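Data block below; observations after.
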Amino acid sequence: MKIRKYRLLLDLTQQELADKAGCSKTHICDLENSKRYPSIPLLVHISTILNTCPCELLECRCTNDHD
């Protein structure tokens, strides 16, 4: 998850992001350290707060090269 990267770009603390997202600072910390994964609604909400799209927060390694 790239939450930390985008959070820092906006100069937000974990607590500030947690307050805006309606969850705990511990939950944000766990997300940033890949100890937990967000629900899809939380992922969408956090991406909105961080002014990015959900796919930018995911470390997707898939490709469309299936030919």
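The values are calculated or read from the model by the stated rules, or taken from the named source; none is laboratory data. The structure presented is a predicted model; accordingly, all values stated were derived computationally and were not measured. Heads up: the accessible areas ignore ligands, DNA and RNA and are worked out on the full protein's heavy atoms, side chains in. Shrake-Rupley method; radii C 1.70, N 1.55, O 1.52, S 1.80 Å.
Normalised by the number of residues in the chain, the average gap of Cα pairs under 8 Å and 6 or more apart makes the relative contact order 36 percent.
Only one of [x] 1.02; [y] 1.07; [z] 1.14 was calculated from the structure for Rg/Rh (Cα atoms, Kirkwood Rh), and its label is [x].
Each residue was assigned an accessible area with a 1.4 Å probe, and for Thr48 the value is about 90 Å². Per-residue 3J(HN,Hα) values for region 33-48, derived from phi via the Karplus relation 6.51 cos²θ - 1.76 cosθ + 1.60 with θ = phi - 60°, read 9, 6, 8, 9, 10, x, 5, 4, x, 5, 4, 5, 5, 5, 5, 5 Hz in sequence order (x marks Gly and Pro). Think of it as helices only: each DSSP H run of n ≥ 4 in the chain is worth -39500 (n - 2.57), and spread over all residues that comes to -14000 deg cm²/dmol at 222 nm.
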